[in-house]
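The values are calculated or read from the model by the stated rules, or taken from the named source; none is laboratory data. Note that this is a predicted model, so its numbers are computed, not measured. Here the Cβ is made from the backbone with ideal geometry for all residues, glycine too, and neighbour counts use every protein chain on show.
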Amino acid sequence: MKFIKSQAELDEVLESLRTDGKTIGFVPTLGALHEGHGSLIARSKRQTDFTVCSIFVNPTQFNESTDLAKYPRTLDADKALLEELDCDLLFYPDVETVYPNGFSDSPDIDLQGLDEVLEGAFRGGHFDGVVQVVKRLLELVKPSHLYLGQKDFQQFSIVQFMIDYYEIPTMLVVCPIKREKSGLAMSSRNMRLTPKNRERAVIIKRTLDYAQRRLKNHFVKEVRAYAFNRMKIDGFRPEYFEIVDGRTLKAVESMDESDYIVACTAVWAGEIRLIDNKIYKKPKTK
Ligand code: AMP
């Protein structure tokens, strides 16, 4: 496996692969890798000739500097896991490589409101940072396939919009959410939960499941409020529980409003903010 920090080295390896007509799968991450990331890498390995994983804790997508400072950094363990997964290349650039002209150089794109709801309503500027870093990493890696997780539903929706908008020749592949045995969605942030809150956090997945069942004989509005309140347990503070159209991300009032419906939620478990989602209705073709 190759460990690469600079653009020049990256170009050298990837250019020759491209010349040989090889497909390149790309898994961008913030590091502190877990099985969720591993599932993206495994999928890329199955579908492409060469898999690149990146680790870059992107400052521009953190709206709180304390969150950025406290984000877990476990490079040695990450490298060991990537070796185990037989990933072909780890790209772990410095800020200067990703942003040679500084942070202000961000893409000017109207996300049609996709960035204003859900996460966007609570994390101002977050998706500007996500679009900025993903666009730049795609410029650097130029992958044929990009692997993102359904865990960050709004993120992959916005990245797909950006890929279409800039006509970037990369195919986005979305992978299912990997969960711990308890049902808690795997996340790098889970390691910062207190043992008690880690146990309690199963309420999130259970609420997503429960709300889906309740929709059979209750109005969306009622279910939304019920689910939100259900997660107000000791030490937990739900931020939102929304049932939205999977394409526009706008809240729906009825399950008949769209053929693609997803429930998305964010909850503070003590000091740690967790997100999760569940697709309630999936279109035949997306
Ligand atoms: P992150 O390092 O949190 O930015 O995540 C990097 C990629 O891994 C993103 O595309 C995430 O959606 C994906 N990911 C994170 N957690 C999971 C999970 N539990 N299951 C599947 N994919 C995940």
Tell me, which residue of segment 231-246 that is surrounded by fewer than 17 Cβ atoms within 10 Å (Cβ to Cβ) and charged (D, E, K, R) is farthest from THR207 (Cα to Cα)? ASP245
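The rows are residues; the columns are (1) out of contact with any Ser or Thr (no Cβ under 7 Å at 6 or more places or on another chain); (2) at pLDDT 95 or above; (3) not polar (S, T, N, Q).
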| site | (1), (2), (3) |
| --- | --- |
| GLU35 | yes, yes, yes |
| ALA42 | yes, yes, yes |
| PRO59 | yes, yes, yes |
| ALA69 | yes, no, yes |
| ALA80 | yes, yes, yes |
| PRO107 | yes, no, yes |
| ASP115 | yes, yes, yes |
| GLN132 | no, yes, no |
How many of the residues making up segment 39-54 are over 18 Å from GLY21 (Cβ atoms) and touching a residue at least 60 places away in the same chain (Cβ under 8 Å)? 5
Subset of segment 87-111, residues touching a helix residue (DSSP H, G or I) at 6+ places or on another chain (Cβ under 7 Å), part of a loop (DSSP other than H, G, I, E, B) and of a type outside the set (Phe, Trp, Tyr), comes to CYS87, SER106, PRO107, ILE109, LEU111
Sole residue being within 19 Å of VAL117 (Cα to Cα) and either within 16 Å of the ligand (Cβ to nearest atom) or in a helix (DSSP H, G or I) (or both), chosen from ARG224, ARG247, ARG198: ARG224
Out of all the residues in segment 260-286, which are of a type outside the set (Phe, Trp, Tyr) and not in a strand (DSSP E or B)? GLY270, GLU271, LYS282, PRO283, LYS284, THR285, LYS286
Restricting the first residue to segment 72-97 and requiring it to be within 18 Å of VAL13 (Cβ to Cβ), which pairs with a second residue that is hydroxyl-bearing (Ser, Thr, Tyr) meet a Cβ separation below 6 Å and a spacing of at least six or different chains? CYS87/THR51; ASP88/THR51; PHE91/SER54
Among GLU257, GLU253, the single one that is assigned to a loop (DSSP other than H, G, I, E, B) and in contact with an Asp or Glu (Cβ under 9 Å, 6 or more places away or on another chain) is GLU257
Matching residues in segment 133-161 - criterion: being farther than 21 Å from GLY38 by Cβ, away from the ligand (no atom under 14 Å from the Cβ), part of a helix (DSSP H, G or I) and in contact (Cβ under 8 Å) with a residue 40 or more places away in the chain: LEU140, PHE161
From ALA8, ALA77, which residue is part of a helix (DSSP H, G or I), among the hydrophobic types (A, V, I, L, M, F, W, C) and within 21 Å of VAL133 (Cβ to Cβ)? ALA8
